[in-house]
1. Quick check: is even one residue across segment 39-53 at negative phi, surrounded by 14 or more Cβ atoms within 10 Å (Cβ to Cβ) and among the polar types (S, T, N, Q)?
2. For segment 1-37, give me each residue that is assigned to a loop (DSSP other than H, G, I, E, B), closer than 19 Å to LEU60 by Cβ and hydrophobic (A, V, I, L, M, F, W, C).
3. Just to verify a result, which residue in segment 54-71, among those that are among the basic types (Lys, Arg) and more than 11 Å from GLU33 (Cα to Cα), is surrounded by the fewest Cβ atoms within 10 Å (Cβ to Cβ)?
4. Select from segment 38-71 the residues that are over 14 Å from VAL12 (Cβ atoms) and assigned to a strand (DSSP E or B) and list them in ascending order.
Amino acid sequence: MIKKDLDTYLFVTVNGAGQIQISKDDIWQCGGEKGFDIGVSWGKHGYAGGVIPRSEARNLAEWILKNLTDK
């Protein structure tokens, strides 16, 4: 079972694909980058992921909003 830290992370369930977690703040560091901790889980083995810098997180959010359609 994966323990969910609701104070630190936002969890999004993607039907048929697993779950995405993203930190609520951008204080995390990994591989020389500082930004949001982001991970994806497809099963019971935890999350695979890393840190996405603030600028790339903004680019990702803008891309999602630009391509968001109700189909």
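1. Within segment 39-53, one or more residues are at negative phi, surrounded by 14 or more Cβ atoms within 10 Å (Cβ to Cβ) and among the polar types (S, T, N, Q).
2. ALA17, ILE27
3. Let us first name the residues in segment 54-71 that are among the basic types (Lys, Arg), namely 54, 58, 66, 71.
With the extra rule that they be more than 11 Å from GLU33 (Cα to Cα), the set shrinks to 58, 66, 71.
Details: ARG58: 11, LYS66: 8, LYS71: 3.
Step by step, filter segment 54-71, then rank; the result is LYS71.
4. Result: ALA48, GLY50, VAL51, ILE52, PRO53.
Read-outs throughout are calculated quantities, based only on the coordinates presented, and are distinct from any laboratory measurement. Worth saying up front: this structure is predicted, and the values here are computed from it rather than measured. In this analysis, Cβ positions are derived from the backbone assuming ideal geometry, glycine residues included, and neighbour counts consider all displayed protein chains.
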